[in-house]
Each structure stands twice: as structure tokens, then as C-alpha cells.
Amino acid sequence: MADQSESAGSTVEHEKSVMEKISEKIHDHDSSSSSSSDSDNEKPESPKSEKPKVFRIFGREKPVHHVFGGGKPADVFLWRNKKVSAGVLGGATAVWVLFELLEYHLLTLVGHILIGTLAVLFLWSNAHSFIHKTPPRIPEVRLPEEPFLQVASELRLQINWAFAVLHDIASGRELKKFLIVIAGLWVVSIVGTWCNFLTLFYITFVLLHTVPVLYEKYEDKIDPFAEKATIEFKKHYAVFDAKVLSKIPQGLKNKRS
């Protein structure tokens, strides 16, 4: 009986030692696999091939919405809220029809609106006791100071920038800018013979509400054509520079530089 108990004990110890060896092997295998996976993760990634830069009009890198400031004006121009954009465009169209087609005058319109509004409010305020209705609550209008200061500050910066550009052009330093400004003013003078300022302002307003949203929708198709046009323009400008600008007297060139 003692021999049997000893043999049974040795068998149990042998099984325990076998199980411990198996567990150690499994642990070693897991640790090696985890270390190999960590080493794989620590390997430097192969450098990805850079995507070719896509040509965008005016060299922009941001979306069209950010170009317009990314605020409520951008939402209106890009028709993010169709009701608001349609209302703004419809209001501008009504104003243009009223002043341009019907030949209504601004001072007359303002006078008629004020007469009608004040007459209705005055009669309603005095007749509420007879018609048994509450008098109208006329709100007190106060314009905040901060928006006007911001607009005035931004307008001042833009005007100063325009004066600086005109000063450089008038000083004879920038021949390229001089030619661009002369061409632009010539185009404006021609357009001015076709329509008055109100019509020109309305056309610009309509273009701002149509061209950006169409460009944002079809920019992948428009940009390749714009790239080809830019390349052709640079070719023609290089020819013009070689045949005309390069023949300018040396004294004027030094003055430009």
C-alpha cells in the first residue's frame, strides 16, 4: 500500500511538472509574438507618395466657404440656407425693378414708407379705446456701436491698401500693376456706358449669388479649364514681355526697380 501511495504521488508530481512546462512554453510563445508585433509596430512606416498638387483658381488652398469668410455671408452666397438666399436675392431684384424699371426715386420711396408707417401707428394708438384692442407695442430701436466700428475699421484698412497700391503705381515702380489697373479702369469705363451704377451693382450682386455656388458644385471640372487658360495667358504675357516690356528704356527699368 505504501508503494502504491508513493507511485501515485510521483505520478501527480510528474503531471504537475508537465503542466508547468506546457504553461511556460505557452507564456514564452505569447511573449515572443507580442514582442514581434511590437517591433513590427515600431518599424518606421514607408514614406507615402505625395499626391500631386491640384490646381485651384487664384491659388487658393481652402474651400470656397472659407474664402468668403466662413460666416453668415458665406452661407448666403453659397445657398446653405436656400430660403434666406432666395429672400435676399428676391429683395435685391425687387429694389432693382422698383428703381430701375419703374423709375422710382429713393427719397420718394423712403418718404412714402415713413408716411404710411407713422399714420398707421398713430391712428392705431389713438383708436384702440374705440375698437377695444390693445395699443401697439412700438419697440425702441437702438443701433449697437460695435458692428459699425468694425465695418469702419475694415473699410479704412481696405481704403489705405488701395491708396498704397495707387501710390506705388503712380511712382512708376510697378509696370505690371500699372497695366493691369489701366486695363481694369478701361473695362469699367466701357461697362459704364452700357448701364448705370445701380444696374452694375445689381449684376455684381447676382453674380455673387450664382457664380460661387456653381463653382463650388463643379470645381473639379472648372479648375482644369482654368489651369489651361492660365498657362495660355502666361505664354502670351511672356511673348508680350519679350516684345514690348523688354524694349523699355533702361532708365525706366531702373526706376521700376
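The values are calculated or read from the model by the stated rules, or taken from the named source; none is laboratory data. Please read these numbers as outputs of a predicted model, since none were measured by experiment. No Cβ is skipped: glycine too gets one built from the backbone with ideal geometry, and neighbour counts run over all protein chains shown. Side chains are part of the model used for accessible areas, which takes the heavy atoms of the whole protein and leaves out ligands, DNA and RNA. Shrake-Rupley method; radii C 1.70, N 1.55, O 1.52, S 1.80 Å.
Evaluate E = 1/(1 + (r/R0)^6) for Phe122 and Arg142, where r is the Cβ-Cβ distance and R0 equals 35 Å; express this FRET efficiency to the nearest 0.05.
Efficiency, from the Cβ-Cβ distance: 0.95.
With a 1.4 Å probe and all protein chains left in place, how much of the accessible area of the stretch 96-238 comes from carbon and sulfur atoms, in whole percent?
Carbon-and-sulfur percentage of accessible area, whole number: 72.
Accessible area per residue, 1.4 Å probe, Å², for the stretch 80-148: what's the number? Could you put the intermediate results ahead of the total?
On the way: 6030 Å² over 69 residues.
Ligands and nucleic acids excluded, the figure is 87 Å² per residue.
Which value results when the Cα radius of gyration for the stretch 96-153 is divided by 2.2 N^0.38 Å?
With N residues counted in the stretch 96-153, Rg over 2.2 N^0.38 Å equals 1.72.
If each Cα of the stretch 107-222 is one equal point scatterer, what is log10 of I(q)/I(0) from the Debye formula at q = 0.10, 0.11, 0.18, 0.22 Å⁻¹?
For the stretch 107-222, the Cα-only Debye profile gives -0.71, -0.81, -1.20, -1.21.
Compute the projected area of the convex hull of the Cα atoms of the stretch 157-230, averaged over all viewing directions, and report it in nm² to one decimal place.
So the mean shadow area of the Cα hull is 7.2 nm².
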